[in-house]
1. As a test of the formula, what do you get for the chain when each DSSP H run with n ≥ 4 contributes -39,500 (n - 2.57) and the sum is divided by the residue count, at 222 nm and rounded to the nearest 500 deg cm²/dmol?
2. Which stretch or stretches of region 64-90 have amide N atoms under 12 Å from the point lying 7 Å from residue 166's Cα along the Cα→Cβ direction?
3. Where does the Debye-calculated log10 I(q)/I(0) of region 84-123 sit at q = 0.15, 0.20, 0.22 Å⁻¹, using only Cα point scatterers of equal weight, no solvent?
4. Just check region 76-170 against the gyration tensor rule for me: Cα atoms, a ≥ b ≥ c as the square roots of the eigenvalues, rounded for a/c under 1.5, and otherwise prolate or oblate depending on whether a/b exceeds b/c.
5. Please find the FRET efficiency linking residue 91 to residue 118, where r is the Cβ-Cβ separation and R0 is fixed at 22 Å, and quote it to the nearest 0.05.
6. What ranking of 113, 140, 7 emerges when the number of other C-beta atoms within 10 Å of each C-beta is taken as an exposure proxy, fewest first?
7. Please state the relative contact order of region 9-164 as a whole percent: Cα pairs under 8 Å, 6+ residues apart?
8. Let's test the formula: R0 of 22 Å, r as the Cβ-Cβ distance of residue 73 and residue 34. What FRET efficiency results, to the nearest 0.05?
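FYI, it's all coordinate maths here, none of it is from the lab. Only a predicted model underlies this, so the values are computations on that prediction, with no experimental measurement involved. All Cβ positions, even for glycine, are placed from backbone atoms using ideal geometry, and neighbour counts span all protein chains on display.
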């Protein structure tokens, strides 16, 4: 069993917003090496510059193409561990917060060519192609759901004023 969401957010989302004033932060941990078919090879690498920026000060969600496949690792938000993504409109002091449960251990961040007016922070319980990656299930996220077994987790999307948010260590 693997669950993922292809969640797209319009950039800018505020009617008076300017995409240059937006930043995206995501609770990424390490990167999956991707092959020519855009499938994980099974190698996990340290974050590249884009990944480091996603985790810390944030990246501009528009302007250049982004496609990055990562493991998840909580960041600190308001003094607590946070699993998810935050899209901040710095000009209008608003944030769209996409909080995901602890079972979402992988992320894809994608914006096609970076000029289409959207960004997709995509939480996943498993890495793409997990059943075919020769690594332990604890790493890939692959899971067999037995008859009668229940699996559940939660995600939520909400809006906050950015003045109310504190990213520690960023």
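1. Working: 2 runs with 11 residues, N = 170.
So the helix-based figure for the chain works out to -1500 deg cm²/dmol.
2. Output list for this probe position: 77-80.
3. Scattering profile of region 84-123, log10 relative to I(0): -0.44, -0.72, -0.82.
4. Working: a/c = 2.38, a/b = 1.69, b/c = 1.41.
Prolate shape, in that a/c is at least 1.5 and a/b is the bigger ratio.
5. Values: r = 18 Å, r/R0 = 0.84.
Between residue 91 and residue 118 the formula returns 0.75.
6. Fewest-to-most ranking of 113, 140, 7: 113, 7, 140.
7. Values: 335 pairs, mean separation 39.7, N = 156.
Relative contact order here is 25 percent.
8. Values: r = 19 Å, r/R0 = 0.85.
Plugging the Cβ-Cβ distance into 1/(1 + (r/R0)^6) gives 0.70.
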